[in-house]
1. Of everything in segment 153-178, what is out of contact with any helix residue (DSSP H, G or I) (no Cβ under 8 Å at 6 or more places or on another chain), β-branched (V, I, T) and crowded, with 20+ Cβ neighbours inside 10 Å? Give them in sequence order.
2. Which of the residues that make up segment 133-186 are without any contact (Cβ under 8 Å) to a residue 12 or more places away in the chain and among the hydroxyl-bearing types (S, T, Y)?
3. I'd like to check which helices (runs of 4 or more DSSP H) are fully inside segment 1-119 and have at least 1 residues that are under 16 Å from the mean Cα position of the chain (by Cα), closer than 29 Å to V156 by Cβ and touching a residue at least 40 places away in the same chain (Cβ under 8 Å).
Amino acid sequence: MKAPIIIIEDEVDIAELVSYFLEKEGFEIFHFLNGEDFLEEISRLPIPELILLDLMLPGIDGLELFRYLQADDRWKHVPVIMVTAKDDLADVVLGLELGADDYVTKPFHPRELVARIKAVTRRNTIPKESSSDFLKVGPFTLFYRQLKVEVGGTVVELSWREFRIFEILLKNPGMIFSREKIIDLIWGNDSYPIDRIVDVYVANIRKKLGNFASHLQTIRGVGYKIEL
């Protein structure tokens, strides 16, 4: 059974090219030219592995549509990759702060996008280095299958990249990781035009940790660490 992916993109040529590459990888594609058409069909659609969402849509724009999905219990856990022009990076930062999983800027190579999609859709896979479904360090317990962290009796959900960043820091308490090192470990050779993208994810993690956010420390001019 093919894994479904929803593409919401008003540029037909781009959508057809991406669909071609994704179908070769075994995905089933549902394409919509705008948010209104997608919302008309949403009740009849299968829950997808991922949504590829263009931010510059006619009518309902991508960020507004993303907010709608985040407010829907049925759809809020579906990973979203945002597609944007390089001049709209402020919207990308806002999207990441709202909980989007990744982004790609136009123009992009379809193979790069496919690699990003496959990386995000693997987010529910337990990392090979993990010998169990959870990791407990100090007051924190990470649950790999659910992408959640429990602290102080409260369980909060993390996006895939938030989870990976927090996991790296938590496995190495006291060790300082530079932004460049974190990007290298999580994004690999992908290029990211937004400066300080790691800062956005760390800020999201801190918000979710609440009273325990002080354990995630910034070492000014150097990077980040977990202090227990």
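The values are calculated or read from the model by the stated rules, or taken from the named source; none is laboratory data. If you're wondering where the values come from, they're calculated on a predicted model, not measured in any experiment. Quick reminder, even Gly has a Cβ in these numbers, built from the backbone with ideal geometry, and neighbours come from all protein chains shown.
1. Those that are out of contact with any helix residue (DSSP H, G or I) (no Cβ under 8 Å at 6 or more places or on another chain), β-branched (V, I, T) and crowded, with 20+ Cβ neighbours inside 10 Å: none in segment 153-178.
2. Listed by number, the list holds a single entry, T141.
3. Qualifying helices (runs of 4 or more DSSP H): 62-70, 89-98.
Quick grid of which residues meet (1) touching a helix residue (DSSP H, G or I) at 6+ places or on another chain (Cβ under 9 Å); (2) at pLDDT below 85; (3) aromatic (F, W, Y):
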residue	(1), (2), (3)
K86	no, yes, no
E97	yes, yes, no
P110	yes, no, no
R122	yes, yes, no
E129	no, yes, no
F143	no, no, yes
V151	yes, no, no
